[in-house]
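Below you'll find the structure, written out as structure tokens, and then a few comments.
Every number in this text was worked out from the coordinates using simple rules, so none of it is lab data. Predicted model, so just to flag it, every value in this text is computed and none were measured. Using ideal geometry, Cβ is built from the backbone for each residue, glycine included, and neighbour counts are taken over all protein chains shown.
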């Protein structure tokens with residue numbers, strides 16, 4: 001089973017890296033881009049010994065405690081083949 | 001309209017950062033994690049003047065030319081509110 005975790009800066013937190021990418025895209029003549037925000041993406045491969053509920057709990061715990069800085073970041077995740 | 005772009009290392013490319021996270025999780029007694037791979041995640045906010053086809057083409061061009069190193073990385077993306 002795989003878990004996909006998406007970590008992003010909270011909407012109220014300034015994202016200078018995203019702004020730099022946006023600035024570069026604008027200079028390179030790409031059209032119609034209003035904002036860019038960069039985040040992190042993790043793919044966790046989970047042991048098949050975990051059932052869907054245990055996997056969900058474990059991934060949520062890891063995302064909260066390890067992968068995310070709760071002061072400035074938030075996360076979402078989903079499980080693939082969760083049945 | 002928003003575009004979500006996910007950039008990951010190709011499966012054949014070593015991911016030392018993911019391995020480090022995996023090692024840390026194992027030391028911290030998290031159970032059932034077999035592999036961790038880290039990627040990048042971009043959220044592009046697109047102008048409403050682009051229709052879905054133009055947005056798709058533009059995001060694909062940006063992801064290919066700017067956000068991804070085609071030698072070692074691959075990307076997927078999807079558009080939100082694409083209709």
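Some notes on this structure:
- Pairwise centroid distance, computed over Cα atoms, of region A:50-83 with region A:1-16, Å: 12 Å
- Nearest-ten-degree value, helix A:52-62 long axis tilted from longest Cα axis of chain A: 50 degrees
- Projected label points at residue A:24 and residue A:81, each 7 Å from Cα along the beta carbon direction, are separated by 3.5 nanometres.
- At q = 0.16 Å⁻¹, base-10 log of I(q)/I(0) for the protein assembly as shown (Debye sum, equal scatterers on each alpha carbon): -0.98
- Partner chain coverage, peptide B:37-50 - average Cβ within 10 angstrom: 6
- Helix A:16-27 axis, angle to chain A major axis (alpha carbon atoms, nearest 10°): 50 degrees
- When residue B:19 is represented by a point 7 angstrom out along its Cα-to-C-beta vector, the spacings to that point in the other copies are 3.7 nm, nearest first.
- Cα extents of chain B along the three principal axes, largest first (Å): 50, 26, 14
- For residue B:71, label point 7 Å along C-beta direction: distances to other copies, nm: 3.7
- Chain A residue nearest by beta-carbon to the axis mapping A to B, with distance in Å: A:41, 2.
- Starting from the label point of residue A:49 at 7 Å along Cα→Cβ, the same points in the other copies fall at 5.8 nm, in ascending order.
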